[in-house]
Structure formats: C-alpha cells, structure tokens
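Read through the structure below, which is laid out as structure tokens, and then see the notes.
The values are calculated or read from the model by the stated rules, or taken from the named source; none is laboratory data. Keep in mind that what you see is a predicted model, and the values were worked out from it rather than measured. Every residue, glycine among them, receives a Cβ derived from its backbone with ideal geometry; neighbour counts consider all protein chains shown.
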Amino acid sequence: MHPEWILGGVMVAALVLYALLGGADFGGGVWDLLASGPRKKEQRELIEKVIGPIWEANHVWLILVVVLLFTAFPPAFAAISIALHVPLTLFLLGVVFRGSAFSFRSYDSRKDRRQKRWGFVFSLASVIAPVLLGMIVGAVASGRIRVASGVVTSGFFAPWLSVFPLMVGLFALALFAFLAAVYLTNEATEPALVDDFRRRALVSGGVVAALALASFAASFEGAPLIREGLTDHPITWPLHLTTGISATAAFFGLWTRRFRLARFAAAAQVTLILIGWAASQYPFLVVPDVTLAGAAANPRTLRLLVWILGVGFVLLFPSLYLLFRVFGSGRAGAATDGAGAHEEE
C-alpha cells in the first residue's frame, strides 16, 4: 500500500474520532444552551460533569489531522489554509472562547452573574464552532476552491459562503447534538434526566435526517462531483445502506429504551457518514484541483511519517485509555446501571 493512502486513512480515522469525542462535546454545549424545564439546572450539571475531566484531550485528533496535512500533503494544506483562513480563524477562536468560558464557569461562584455569562459564551461557541467546521468541510468538497499552479484563485469568501457549505455546517451541528443527547441518556442516572435527553435525541435525530436530505439536494448544484461520488461510486451504496441501518437501530434503541444499543448505533452512524464523505471525495483532498497523490510530499518523508505514527500510537493509545479509565469508569458504570433499569421497565 502506498504511504499516502495510509496517511490519508489515518486522517479520516482521526476525523472520525474527533467527531465521536470532540463532536459530542460540542453537542453537549448545544444542550447546555437549550437546557429547559424544571430540571434545567440538573441538565447543565450533568453535561458539565460528563465533559469536564477529559474534553480537552479530544482535540488531539484534530491536531493530528492538521499536522499530517501540513507535513504529508503541503499543497493541500496551503490551499485550504489560504482559501478558508477566515472560517478557520473563526473556528479556532470559537474553540478558544469555548474552552476558556467553560473553565471560568466551572470555577467561578455559582451565584455570580458572571458565571451565567461565561456559561452563555461556552454554549454559544459550542453552536458556532461546529457550524463553521461543517462549512469548512462543505467548502473543501464543493469544488469552489480553485487552485492554479499552487495559487488559490477562487477568493476568500465565495468557497464557503454558499448554500451547500451552510447546509453541511447545520448538518454537522445537528449530528453532534444528536450524538451528545444519545451519550447523555447513557450517562444520566436519574430517570427524569434520562427521559429529558431521550426526547432531545429523538428530535435531533429527525433534524439530522432532514438536514442530510437538504445537504444532498444542495449538492446537485453546490457540489456536483461529491454528488456523483455519493451516487455513482460502487462503495458508497453499501455505506448508504449500513448508515441507514445504523440510524434505524439508534432510533429503535432510543424508542425502546435500549440506550447502550442506541449509543453504539449512533456512533456507527457518525462513523459511516464520515467514511462515506471520504469515499465520495476520493481521490481529491481539495475538489477538484488537489488530489491525494498529487499533493503528497517526498516518499521518504511519507514513509518516515508512517513509522513515527506507529511509534506515537504505541504511546498515545495507552495514555488515552488510562485517562478515560480513570475519569470515565465511574460515570460509565452508573450510566450502564441507569440504562439497564430502563430496559427492565
């Protein structure tokens, strides 16, 4: 296998992990903003408890994607960072404001008005950042970023300020919110809180389906090459089928209160969506002018990166396992007990 294929696959896998972990944290911020009803305070406390200990570690996957893109595929990195420097900068600001606000809110006085303001900043940034991230992905896939002789010729606003990137951004927001709600049904131990997030998961799952159709409809004009990849590529139809099965299983698990099934199925749904996007875009890194093979760095550099990744993963995965084991085992056990109680009912 060519090293650029391996590194491209690692970037897709890292994006999947970022969506499953960091994306769910963004979704938690969405539900923090939309907390309502008599248990509004308890909803926010559960969200803070769940994402608090380990949420910053989830950004390691996005950092890995950026480093690999910069090192292994420098022409693609240059095209994306130049054409999309405005939404990329806004996204990074959103991540910084979100992290700072979450920390200040967590350690500030609970009765202080400023604590509520920090909570609003955290929630608002959690909504804006995933929309921008989705718009960046939509712009890369749209074919509106044009590169001639290594120079971006399409401007700094036209590629991402159009209907298709906006639809993808809203789709990403809804998908992260759905994933977070499903996770929170597993994390909550009080039946009333479980029901709160179960309802939110069902509603947001319906919004995900609607926005998926809207994004596909927008792709006919906004991203024709991706639309062809979604419909004509031989591997995409099996992916569509398995994605549909996963989505159906997630709804079935939520409806019948089999929350562990819903969590597994929702994670599979998100994974398959991202793999389907990557398959439909192949062989392009930036549609339509930058390909995986054309943007690859020197073969010696690529081979060295593959070896470095192998050594790095030996160190990274045990560390992350220990982190999740130490800070997540207690909550996971409680969540399983809570889900099991509902299943018995």
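Does Leu230 satisfy the condition of being in a helix (DSSP H, G or I), under 17 Å from Pro283 (Cβ atoms) and either more than 21 Å from the chain's Cα centre (by Cα) or not acidic (Asp, Glu) (or both)?
Values: in a helix (DSSP H, G or I): yes; under 17 Å from Pro283 (Cβ atoms): yes; either more than 21 Å from the chain's Cα centre (by Cα) or not acidic (Asp, Glu) (or both): yes.
Spelling it out, Leu230 is indeed in a helix (DSSP H, G or I), under 17 Å from Pro283 (Cβ atoms) and either more than 21 Å from the chain's Cα centre (by Cα) or not acidic (Asp, Glu) (or both).
Only residues that are among the acidic types (Asp, Glu) and farther than 19 Å from Ile136 by Cα: list them for segment 202-247, please. Working first, answer last.
Taking segment 202-247 as the starting set, the residues that turn out to be among the acidic types (Asp, Glu) are 221, 228, 232.
Passing the criteria: Glu228, Asp232.
Report the residue count in segment 71-90 for those that are part of a helix (DSSP H, G or I) and aromatic (Phe, Trp, Tyr). Break it down stepwise before answering.
Just the residues of segment 71-90 that are part of a helix (DSSP H, G or I), to begin with: 71-72, 74-83, 85-90.
So of that shortlist, the ones also aromatic (Phe, Trp, Tyr) come out as 77.
Summing the residues that are part of a helix (DSSP H, G or I) and aromatic (Phe, Trp, Tyr) in segment 71-90 gives 1.
Considering segment 1-51 alone, what residues qualify as being over 17 Å from the mean Cα position of the chain (by Cα), of a type in the set (Gly, Ala, Ser) and modelled with pLDDT of 90 or more?
If the condition is that a residue be over 17 Å from the mean Cα position of the chain (by Cα), of a type in the set (Gly, Ala, Ser) and modelled with pLDDT of 90 or more, then Gly8, Ala35 are the ones that fit.
Looking only at residues in segment 248-305 that are of a type outside the set (Val, Ile, Thr), more than 16 Å from Ala19 (Cβ to Cβ) and without any contact (Cβ under 8 Å) to a residue 40 or more places away in the chain, which one is surrounded by the most Cβ atoms within 10 Å (Cβ to Cβ)?
Gly253
This table checks each residue for (1) loosely packed, with under 14 Cβ neighbours inside 10 Å; (2) polar (S, T, N, Q).
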site	(1), (2)
Leu68	no, no
Pro74	no, no
Ala78	no, no
Thr89	yes, yes
Val95	no, no
Ser100	no, yes
Phe104	no, no
Gln115	no, yes
Gly119	no, no
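Before we move on, is Val208 surrounded by fewer than 21 Cβ atoms within 10 Å (Cβ to Cβ), out of contact with any Gly (no Cβ under 8 Å at 6 or more places or on another chain) and closer than 17 Å to Thr185 by Cβ? Even if it seems obvious, please write down each step before you answer.
Numbers: surrounded by fewer than 21 Cβ atoms within 10 Å (Cβ to Cβ): no; out of contact with any Gly (no Cβ under 8 Å at 6 or more places or on another chain): yes; closer than 17 Å to Thr185 by Cβ: yes.
No; evaluated as a whole, the condition is false for this residue.
Quick check on my filter: what residues within segment 292-308 are within 10 Å of Pro3 (Cβ to Cβ), in a helix (DSSP H, G or I) and not basic (Lys, Arg)? First the steps, then the outcome.
Residues of segment 292-308 that are within 10 Å of Pro3 (Cβ to Cβ), as a first pass: 296-297, 299-307.
In the following step, the residues that additionally are in a helix (DSSP H, G or I) were identified as 299-307.
Of everything in segment 292-308, those that are within 10 Å of Pro3 (Cβ to Cβ), in a helix (DSSP H, G or I) and not basic (Lys, Arg) turn out to be Pro299, Thr301, Leu302, Leu304, Leu305, Val306, Trp307.
Within segment 108-131, can one find any residue that is of a type outside the set (A, V, I, L, M, F, W, C), modelled with pLDDT under 90 and within 15 Å of Ile80 (Cβ to Cβ)?
At the first step, the residues of segment 108-131 found to be of a type outside the set (A, V, I, L, M, F, W, C) are 108-117, 119, 123, 126, 130.
Checking the rest, the ones that are also modelled with pLDDT under 90 come to 108-117, 119.
In the following step, the residues that additionally are within 15 Å of Ile80 (Cβ to Cβ) were identified as none.
Within segment 108-131, none of the residues are of a type outside the set (A, V, I, L, M, F, W, C), modelled with pLDDT under 90 and within 15 Å of Ile80 (Cβ to Cβ).
For segment 62-70, indicate whether the set of residues that are touching a residue at least 24 places away in the same chain (Cβ under 8 Å) and either part of a loop (DSSP other than H, G, I, E, B) or not aliphatic (A, V, I, L, M) (or both) is non-empty. Show your work before the answer.
We begin by selecting, within segment 62-70, every residue touching a residue at least 24 places away in the same chain (Cβ under 8 Å); these are 62, 64-65, 68-69.
Now drop any that are not either part of a loop (DSSP other than H, G, I, E, B) or not aliphatic (A, V, I, L, M) (or both), which leaves none.
No, segment 62-70 contains no residue that is touching a residue at least 24 places away in the same chain (Cβ under 8 Å) and either part of a loop (DSSP other than H, G, I, E, B) or not aliphatic (A, V, I, L, M) (or both).
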